[in-house]
Amino acid sequence: MPDNEMRGMLETFLTYMISTGNKKLWQFAQEVAQNAKNQGAVLTDF
């Protein structure tokens, strides 16, 4: 992981960077990820 302590994938680490009160940003991030998957990107569901 980027902080060299947490285990997991980069996608998991990035979810921790969005504050729990920021639902709009979380929804936007999910939409962007789904759009990338629809266009052939290989992403792990989170």
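The values are calculated or read from the model by the stated rules, or taken from the named source; none is laboratory data. Here the structure is a predicted model, which is why all the values come from computation and not from measurement. Quick reminder, even Gly has a Cβ in these numbers, built from the backbone with ideal geometry, and neighbours come from all protein chains shown.
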### Message
Suppose we filter MET17, MET6 for residues that are at pLDDT below 75 and in a loop (DSSP other than H, G, I, E, B); which single one remains?
### Response
MET6
### Task
Scan the stretch 15-32 and report the pairs whose first residue is closer than 16 Å to LEU43 by Cα and without any contact (Cβ under 8 Å) to a residue 24 or more places away in the chain and whose second residue is hydrophobic (A, V, I, L, M, F, W, C) and assigned to a helix (DSSP H, G or I), with Cβ atoms within less than 7 Å and a gap of 6+ or a chain change.
none
